[in-house]
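Taking it in order: structure first as C-alpha cells, then the write-up.
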Amino acid sequence: MASLSKTALAPQTGPAVQWWRGAAIYQIYPRSFMDANGDGIGDLPGITQRLGHVASLGVDAIWISPFFTSPMKDFGYDVSDYCDVDPIFGTLADFDALVARAHQLGLKVLIDQVYSHTSDEHAWFVESRASRDNPKADWYVWADAKPDGTPPSNWQSVFGGPAWTWDARRGQYYLHNFLSCQPQLNGHNRQVQNALLHVARFWLDRGVDGFRIDALNFSMHDPDLRDNPPAPPTDRARTRPFDFQRKIHNMSHPDIPGFIERIRAVTDEYAGDGGAIFTVAEVGGDEAETEMKAFTQGDARLNSAYGFNFLYADRLTPGLVCAALAEWPDEEGTGWPSWAFENHDAPRAVSRWCAPEHRDAFARMKLLLLACLRGNIILYQGEELGLTQVDIPFEQLQDPEAIANWPLTLSRDGARTPMPWESEGEGGFGAATPWLPLGEENLARSVAVQDADPASLLALTREIIALRNTSSALRYGSAACQADGALLRLERLSQGERVVCLFNLSPDPISDIKIPQGETLCSINSVMPDSLGPYGALVVRV
C-alpha cells in the first residue's frame with residue numbers, strides 16, 4: 001500500500017526558525033481521549049497517561065480543547081472560571097503534571113482560550129447583570145429593547161434563533177452569538193481586555209507553550225448595533241436563521257487587530273529569543289480569508305490562523321487545495337497558515353470525502369496530502385487511526401446544536417466519540433459506559449490493533465510525519481499548486497531542496513502522467529511509472 005525511502009529520513013539542513021513553523025500539532029478533545037477515574041468522561045490524568053502514544057507519532061505539540069470550569073452546556077466553551085480546571089477533568093495539579101510529562105516527552109502544550117464569550121455562570125456576568133451601574137456593567141454587550149419591545153437588532157445566533165436574550169434583572173437584552181447561556185464579552189472594553197490578558201499570563205506562568213484562540217472574530221461588534229443585511233441567494237441549504245444574513249455587524253469589527261497586538265505583546269514577554277510561544281486563531285465566517293490575513297499580518301500579531309476551508313467542505317478536490325494555499329502566498333508580511341482536515345466541530349473527513357469502500361486507501365492519501373501542505377498541520381485525535389463518523393441516535397445526542405437543529409445538521413458528537421485504545425468492550429477508554437458510544441467500526445481500528453501491524457495507517461502516519469520533519473522543503477518551503485482534473489500537483493522548495501508531490505484525489509486510476517525523475521520519498525496506493533492508482537500519491541525529491 002505504501003513505501004517510504006529510507007534515505008528520506010536523513011536529516012535535512014533547515015533554516016533557523018521558531019519551533020512552531022511547519023509544526024505538526026495533535027488536537028486532544030479531553031472528554032473523549034482517556035478516562036482515568038472511570039466516570040465515563042475523559043480527563044487530564046487520562047491524557048497524561050496516553051501521551052506516549054502522541055509522542056510516538058513525531059508531532060511537535062498537543063492542543064487541548066477546553067478543560068476549564070464550566071457548566072458544560074457547550075462542553076467547555078462556556079467558561080465560568082478561566083483560571084481553574086473543571087472537577088470532571090481534574091485539578092490544577094493534574095494540569096501541571098500533564099505539562100511536565102509533555103515537556104519530558106518533547107511535546108509543546110497549547111490550550112484553548114475563549115475570549116469571545118463566557119458562561120452566564122461566570123462571576124463577571126453575574127455582577128454585570130445585577131445592575132446598570134456596577135463596576136462590570138459594561139463588561140458584556142447590553143442594549144435596550146426597541147420601542148415595541150423587540151431585540152435591539154436583527155442579529156442571529158450561530159446555534160439558531162435571535163442573538164439577543166431579555167434579562168429582567170437589568171431590563172435589557174444581552175448579546176450571545178452562540179447559546180443564550182454564552183453571553184458576549186464586550187471586547188471593546190479595555191478592562192475586559194486586561195482581564196483576558198491576565199488569564200493568558202496565568203497559563204503562561206504554568207508553562208504552556210501557546211494558545212489556540214476560539215472564535216476570535218466574534219470578540220468585537222458594531223457599537224451602533226446596525227442590522228445585518230440579508231445574504232445573497234445561494235444553492236446551499238440554509239438550516240439556521242444565521243445563514244440568511246451577511247454577518248458584518250455582529251462580528252469582525254476592525255478594532256480586533258488592536259487587541260490581538262496586546263495579546264502578542266504578552267506572549268512575546270514569555271517567548272525569549274526563540275519565539276517559543278505560539279498563537280493561532282480559529283477564524284470562520286464569510287470574510288475568513290481577509291480576517292486571517294489581518295490577524296496574522298507582520299510581526300506584532302498572531303503567528304498563525306486557520307479557517308474552515310477543509311473542515312466543512314463536502315468534497316476534497318485539487319481546486320479546493322490550490323485555492324486554500326493561494327490564500328497564503330510566501331510573501332513578506334503575510335502570515336503563516338495552519339491546516340486541519342478534521343476537528344471536534346466537523347464530521348470525520350473519511351466519512352465526508354469518500355465512499356465507504358475506499359476509506360482505507362483514501363485515509364492514507366489524505367494524511368500524506370496534509371503533511372505536504374505549506375503551513376502547520378493539525379491532526380485531530382483518531383485521525384491517525386482513520387476513525388469514521390459515528391452515527392449517534394437522537395436519544396444519545398449531547399451536542400446542543402445538533403439537538404436544536406435536528407435532523408438538518410450533522411451532529412458534532414459523531415466526531416467526538418471516545419478514542420479506541422483497544423478493540424474490545426469500551427475500547428480501553430477507562431469506563432464501562434463512556435459519555436458517547438465508540439462505534440463498532442472504530443473499535444476495529446484501535447491503537448492496539450494498529451500498533452501491532454507495520455502496514456497500518458498508524459504506522460504510516462509515523463513515517464509520514466518523520467518524512468515531513470526531515471525535509472526542509474515539506475516543513476518550511478514555498479508551495480506551487482496545480483490542479484488538472486482529479487490530479488493535484490504540489491511543488492515544495494526550500495534551501496535548494498525541491499520536492500514534487502502528486503495526488504490522485506479520485507477513486508479511479510489516472511494514466512499518462514509524467515512522473516518526475518528523482519528520489520522517491522513516499523509512494524502510496526498503486527503508483528506505476530506513468531500512472532496513479534485510486535487515491536494514489538507520490539512524493540519525489542528532484
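The values are calculated or read from the model by the stated rules, or taken from the named source; none is laboratory data. Note that this is a predicted model, so its numbers are computed, not measured. Cβ placement follows ideal geometry from the backbone for every residue including glycine, while neighbour counts extend to all protein chains displayed. What goes into the accessible areas is simple: the full protein's heavy atoms, side chains included, and nothing from ligands, DNA or RNA. Shrake-Rupley method; radii C 1.70, N 1.55, O 1.52, S 1.80 Å.
Values as computed for the structure displayed
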read-out: Selection within region 30-53 - in contact with a Ser or Thr (Cβ under 7 Å, 6 or more places away or on another chain), assigned to a loop (DSSP other than H, G, I, E, B) and crowded, with 24+ Cβ neighbours inside 10 Å; value: GLY42
read-out: Residue within region 511-518 that is of a type in the set (Lys, Arg) and in contact with a helix residue (DSSP H, G or I) (Cβ under 8 Å, 6 or more places away or on another chain) present; value: no
read-out: Every pair of residues 6+ apart whose Cβ atoms lie under 6 Å, when the first sits in region 144-167 and is farther than 13 Å from PHE242 by Cβ while the second is basic (Lys, Arg); value: ASP167/ARG129
read-out: Verdict on ARG240 being of a type in the set (D, E, K, R) and open to solvent by 20 Å² or more (accessible area, probe 1.4 Å); value: yes
read-out: Any hit, region 404-415, residues being part of a loop (DSSP other than H, G, I, E, B) and touching a Lys or Arg at 6+ places or on another chain (Cβ under 7 Å); value: no
read-out: Selection from region 219-247 of residues that are touching a Lys or Arg at 6+ places or on another chain (Cβ under 7 Å) and of a type in the set (A, V, I, L, M); value: ALA231
read-out: Residues satisfying the stated conditions in region 54-77, i.e. of a type outside the set (S, T, N, Q), at pLDDT 95 or above, open to solvent by 10 Å² or more (accessible area, probe 1.4 Å) and touching a Cys at 6+ places or on another chain (Cβ under 9 Å); value: PRO71
read-out: Filter result for PRO183 (over 24 Å from ASP214 (Cβ atoms) and modelled with pLDDT of 95 or more); value: no
read-out: Test: residue in region 5-23 that is modelled with pLDDT of 95 or more, buried (at least 22 other Cβ atoms within 10 Å of the Cβ) and not in a loop (DSSP other than H, G, I, E, B); value: no
read-out: Number of the condition not met by ALA271 [criteria: (1) within 26 Å of ALA300 (Cβ to Cβ); (2) open to solvent by 10 Å² or more (accessible area, probe 1.4 Å); (3) modelled with pLDDT of 95 or more]; value: (3)
read-out: Evaluation of ARG262 against (1) surrounded by 14 or more Cβ atoms within 10 Å (Cβ to Cβ); (2) closer than 23 Å to PRO151 by Cβ (one fails), failing number; value: (2)
read-out: Selection status of THR234, among the polar types (S, T, N, Q) and open to solvent by less than 60 Å² (accessible area, probe 1.4 Å); value: no
read-out: Those residues of region 100-137 which are within 24 Å of the chain's Cα centre (by Cα), open to solvent by 10 Å² or more (accessible area, probe 1.4 Å) and closer than 28 Å to GLY40 by Cα, in sequence order; value: ALA100, ARG101, HIS103, LEU105, LYS108
read-out: Residue ID - farthest from the chain's Cα centre (by Cα), chosen from residues in region 386-424 that are open to solvent by 70 Å² or more (accessible area, probe 1.4 Å) and at pLDDT 85 or above; value: GLU424
read-out: Single residue of GLU269, GLU291 found to be closer than 26 Å to TRP19 by Cα, of a type in the set (Asp, Glu), assigned to a helix (DSSP H, G or I) and out of contact with any helix residue (DSSP H, G or I) (no Cβ under 6 Å at 6 or more places or on another chain); value: GLU269
read-out: Failed item, numbered, when ARG262 is tested on (1) closer than 24 Å to LEU92 by Cβ; (2) part of a helix (DSSP H, G or I); (3) out of contact with any Gly (no Cβ under 9 Å at 6 or more places or on another chain); (4) touching a residue at least 24 places away in the same chain (Cβ under 8 Å); value: (1)
read-out: Pick from region 116-140, criterion hydrophobic (A, V, I, L, M, F, W, C) and part of a loop (DSSP other than H, G, I, E, B), ranking: farthest from ARG169 (Cα to Cα); value: TRP139
read-out: Unique residue being under 15 Å from PRO30 (Cα atoms) and touching an Asp or Glu at 6+ places or on another chain (Cβ under 9 Å) when the list is ASP120, ASP86, ASP112; value: ASP112
read-out: Region 483-503 residues that are of a type outside the set (Ser, Thr, Tyr) and at pLDDT 95 or above, paired with ones that are part of a strand (DSSP E or B) and open to solvent by 70 Å² or more (accessible area, probe 1.4 Å) (beta carbon under 6 Å, 6 or more apart); value: ARG489/GLN482
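Here is a yes/no grid of residues against (1) under 21 Å from SER219 (Cβ atoms); (2) more than 26 Å from the chain's Cα centre (by Cα):
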| position | (1), (2) |
| --- | --- |
| ALA143 | yes, yes |
| PRO147 | no, yes |
| VAL158 | yes, no |
| GLY171 | no, yes |
| LEU185 | yes, no |
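Quick grid of which residues meet (1) of a type in the set (Asp, Glu); (2) part of a helix (DSSP H, G or I); (3) buried (at least 20 other Cβ atoms within 10 Å of the Cβ):
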residue: LYS146; (1), (2), (3): no, no, no
residue: PHE178; (1), (2), (3): no, no, yes
residue: HIS188; (1), (2), (3): no, no, no
residue: ASN194; (1), (2), (3): no, yes, no
residue: VAL208; (1), (2), (3): no, no, yes
residue: ASN217; (1), (2), (3): no, yes, yes
